[in-house]
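Structure, as structure tokens:
The values are calculated or read from the model by the stated rules, or taken from the named source; none is laboratory data. It should be emphasised that the depicted structure is a prediction, and the values quoted were computed from it without experimental measurement. Every residue, glycine as well, gets a Cβ built from its backbone with ideal geometry; the counts of neighbours run over all protein chains shown.
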Amino acid sequence: MTKNCKINNRKVAIIGCGFVGSASAFALMQSGLFSEMVLLDVDHKKAEGEAMDISHGEAYARPMHIYAGTYDDIADASIIIITAGANQKTGETRLDLVQKNVGIFKTIIPEIAKRNYQGILLIVANPVDILTYTALKLSGLPENRVIGSGTVLDTARFREILGNHLGVDSRSVHAFIVGEHGDSEIPVWSTANVAGVPINKFCELRGHYNHVQGMKQIAADVKNAAYEIIERKKATYYGIAMAVKRICESIVRDEKSVLPVSNMMHGSYGIDDITLSMPAIVGKNGIEAQMPISLSMEEATSLKKSADMLKEIAQTVGVTELKK
């Protein structure tokens with residue numbers, strides 16, 4: 001075991017320099033949150049190239065030391081962001097992809113754990129809920145310090161689409177997507193509102209009265225957003241990069257913002273021992289508390305089904321049996 005490394009609060013690391021990793025690095029460089037950034041990739045030259053490319057814009061941003069490094073270089077990072085993972089190929093099942101990416105995490109997480117890492121792990125690679133659970137099992141870190149990006153992006157899409165539908169600033173829309181970051185995600189309509197006005201009442205103020213049809217269409221648009229983007233440009237990365245930046249902001253600035261991140265459940269809504277997205281207070285220590293939001297009976301039932309599906313996948317690929 002190595003000695004505990006003192007955390008540098010101005011340092012961030014990104015493991016995985018594909019589209020999502022490099023876009024996240026670019027977003028974080030412009031954010032001014034950090035003064036040092038280390039990039040890691042199985043292809044070290046790729047990491048070097050991304051570091052060089054991004055650093056060349058520093059003259060128009062804030063000073064930052066950006067470089068490609070090793071696991072030893074990231075032991076003191078305040079946040080390690082993991083975007084590394086394989087993409088689903090044609091003919092490959094979702095279970096195949098889970099198995100493959102769990103295998104990748106079995107090579108990454110132990111390298112971090114054996115350096116007695118004292119910072120926060122932010123898991124972004126997909127399927128994010130299962131991989132957050134995997135990182136928790138393999139790292140031995142406290143649950144508050146292992147966070148999945150979860151449905152932060154899905155929630156942003158939800159608010160943006162609702163805002164466009166209603167002709168109002170999406171920042172005034174308060175609504176969450178919860179559960180799995182994936183096909184079983186749940187839009188929480190029961191507490192959705194615009195500046196405190198219940199969503200159905202606000203819809204009527206804007207001339208929309210067919211609530212059932214409208215809700216179905218918006219939920220489908222949110223769920224299918226990634227597929228629509230992938231069909232057009234083969235990958236999604238800018239939206240998730242902005243979600244990564246938002247989570248990092250809340251941690252670095254100790255904002256204590258409520259974000260729908262992937263976190264461990266312990267009995268709430270009848271769900272136990274699985275990570276999925278539910279609103280939580282996020283600050284300098286990671287997840288400070290879960291938010292007990294109200295769900296309708298239908299929403300709670302859907303959430304339980306989403307959790308059961310994730311647990312079944314975790315058991316099938318052997319994640320539940322993993323230990324540090």
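Can you find a residue in segment 140-151 that is touching a residue at least 40 places away in the same chain (Cβ under 8 Å), more than 30 Å from ILE7 (Cβ to Cβ) and exposed (fewer than 15 other Cβ atoms within 10 Å of the Cβ)? For segment 140-151, residues touching a residue at least 40 places away in the same chain (Cβ under 8 Å), more than 30 Å from ILE7 (Cβ to Cβ) and exposed (fewer than 15 other Cβ atoms within 10 Å of the Cβ): absent. For segment 29-51, a residue qualifies if it is farther than 14 Å from TYR67 by Cα and crowded, with 20+ Cβ neighbours inside 10 Å, and exactly one does: LEU33. Within segment 56-70, the residues that satisfy the criterion of being of a type outside the set (A, V, I, L, M, F, W, C), surrounded by fewer than 17 Cβ atoms within 10 Å (Cβ to Cβ) and in contact (Cβ under 8 Å) with a residue 12 or more places away in the chain are GLY57, GLU58, ARG62, PRO63, HIS65, TYR67, THR70. When PHE176 is tested against (1) surrounded by 14 or more Cβ atoms within 10 Å (Cβ to Cβ); (2) free of Cβ contacts under 8 Å to residues at least 60 places away in the same chain; (3) under 30 Å from TYR133 (Cβ atoms), only condition (2) is not met.
Checked against the criterion of being surrounded by fewer than 17 Cβ atoms within 10 Å (Cβ to Cβ) and farther than 23 Å from THR191 by Cβ, segment 279-292 has at least one qualifying residue. Of all residues in segment 268-324 being at pLDDT 90 or above and of a type in the set (Lys, Arg), which is nearest to ILE120 (Cα to Cα)? My answer is LYS284. List the helices (runs of 4 or more DSSP H) that sit entirely inside segment 205-318 and contain at least 1 residues that are under 23 Å from ALA195 (Cβ atoms) and among the hydroxyl-bearing types (Ser, Thr, Tyr). Ranges flagged: 238-252. For residues that are assigned to a helix (DSSP H, G or I), within 20 Å of the chain's Cα centre (by Cα) and either of a type in the set (S, T, N, Q) or under 17 Å from ILE293 (Cβ atoms) (or both), tally how many sit in segment 171-193. Within segment 171-193, residues that are assigned to a helix (DSSP H, G or I), within 20 Å of the chain's Cα centre (by Cα) and either of a type in the set (S, T, N, Q) or under 17 Å from ILE293 (Cβ atoms) (or both) number 0. On the basis of being surrounded by fewer than 19 Cβ atoms within 10 Å (Cβ to Cβ) and at pLDDT 95 or above, does SER257 make the cut? Yes; evaluated as a whole, the condition is true for this residue. Out of the residues in segment 115-139 that are within 17 Å of SER184 (Cα to Cα) and of a type in the set (A, V, I, L, M, F, W, C), which is surrounded by the fewest Cβ atoms within 10 Å (Cβ to Cβ)? That would be LEU131.
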